[in-house]
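Some notes on the structure that comes next.
The values are calculated or read from the model by the stated rules, or taken from the named source; none is laboratory data. What you see is a predicted model; the values in this text were computed from it and never measured. Counting neighbours? That spans all protein chains shown, and the Cβs are built from the backbone with ideal geometry, glycine included.
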Amino acid sequence: MASEDLFEGLPPPATAAGEDRAASPTPPPPPAPPAPRPSALKSSLKRSKPPSSLDATASSSSSPAAGIASADVAAEPRVPEKRLRFRTTVDASEMQIIEAMQKITSHIGNPSKFSKASKLALQLIEAGSVKPETIGHFFAVLEAAMSSLGACNEPSVRADYQALFNAAQGVTECFNQQQKNQFDVWMLHAVVANDLCTDDSFVFPKAVGKIKDAISALPVATADDDNNEATALAAVAESQSGSTENKADGSSTQTAASNNSAEESSDPFGLDDLLEPKSKKSESARQKAVEALNRKAAEEESRRYLRSRREALLKCLEIAARRYRIPWTQTTIDILGRHAYDNVGRFTSRQREAVEKLWNSIKEQQIRRKHGKSASGKLDVNAFERLQEKYSHEKISIRRAVGGAGDRRATQWLG
């Protein structure tokens, strides 16, 4: 019996593409998983940079979805980016620099505060704050530091004094002639004298060479120099007593007050200068008087500079003589003492006695070192003197070779 279904065993009929889409719409794509939210700590430490204009343009041209996303980002308020910046320069006015120098001046004379105050002065030099407008206040800083000439040679502040005055050499072009002379004397006290206290076998001979050159540059002392030195010492003694200064100040104040009262009574309104024309003779006499005063002041400054320089060099000689116990310094000190003794005429009469005593003490120690015995039982001589003694008995051959059969002694070239 035949089946009633005619399409049994046949595939179902194909439908059109439009009808199939209308009949069975495509399911929507699954939603994208949400992005993980950053932790509060990470978001507070690091912020994402705002997109640049190039990135926004590229994303808008790539797809409309990206354009919509960029529009949403642009609509959101941008968080300003924070950056940490350090100031490398300090903009200080001239008045602030002057106040700082005045404060340093008030503390740098104290040995316990010198180290900190000198570092502040070094910062002013390195920052370029020492200018012709402030050079007077900076010179006051150096003057306060050298108020006591012996304080600069203390072991605790030697390095700080050397650092300060070596750095101050870069601003000496702003000094006047009187300040330059004073600074040269301070350099002998604060730098050269401290170099003599070093343990460096290269620095010590270099400092000795500077002292030798400074001694050779001194002029020959005269009787006027001796008199000026005696006068200066007497003035220092009187200033220490203080009684004469007080009396002189009181008398000068009284005379000045009497002169002022006399002038006010004769011409209370100062009309004589306006009514009476000044003669040319009075002006020329006044100019000559001013020139004479300037010349006298320059001569006095020159004498004071030479006197201070001689005293500083004598101090350096004394410091070097105290280091004679160190073996590697003995030969250099022998040369320095001999050079000072040969140029003893460049010192004053009082200083000549000190130089002669130093040279005699050096010679005595030299003789004691050559003939005395040390703790080890050997002669207390250095290497140069040992070789000098050895080759002084050798003979030189005709070919100038030591140890030959010649009869000439080696002392001819050893000295």
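Filter segment 270-329 for residues that are aliphatic (A, V, I, L, M), under 30 Å from residue 199 (Cα atoms) and at pLDDT 90 or above and give the result. Quick ask: steps written out before the conclusion?
Going through segment 270-329, the residues aliphatic (A, V, I, L, M) turn out to be 271, 274-275, 285, 289-290, 292-293, 297-298, 306, 312-314, 317, 319-321, 326.
Subsequent filtering for residues that are under 30 Å from residue 199 (Cα atoms) retains 312-314, 317, 319-321, 326.
Across segment 270-329, the qualifying residues are 312, 313, 314, 317, 319, 320, 321.
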Discussion item. Just to be sure before I move on: is residue 150 on the phi > 0 side of the Ramachandran plot and small (Gly, Ala, Ser) in the structure I sent?
Written reply: no
Discussion item. Which of the numbered conditions does residue 220 fail, given that it passes all the others? Conditions: (1) out of contact with any Gly (no Cβ under 9 Å at 6 or more places or on another chain); (2) surrounded by fewer than 20 Cβ atoms within 10 Å (Cβ to Cβ); (3) in contact (Cβ under 8 Å) with a residue 12 or more places away in the chain.
Written reply: (1)
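With respect to residue 215, is the statement that it is within 26 Å of residue 299 (Cβ to Cβ), assigned to a helix (DSSP H, G or I), of a type in the set (Val, Ile, Thr) and at pLDDT 85 or above true? Steps first, please.
Numbers: within 26 Å of residue 299 (Cβ to Cβ): yes; assigned to a helix (DSSP H, G or I): yes; of a type in the set (Val, Ile, Thr): yes; at pLDDT 85 or above: yes.
So residue 215 passes the test.
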Fill in: Meets criteria (in a helix (DSSP H, G or I), in the same structural domain as residue 148 (by TED's automatic domain parsing), modelled with pLDDT of 90 or more and more than 24 Å from residue 175 (Cα to Cα)) for residue 116
yes
Worksheet entry | Residue that is nearest to residue 136 (Cα to Cα), among those in segment 148-174 that are in contact with a helix residue (DSSP H, G or I) (Cβ under 6 Å, 6 or more places away or on another chain) and of a type in the set (A, V, I, L, M, F, W, C) | 174
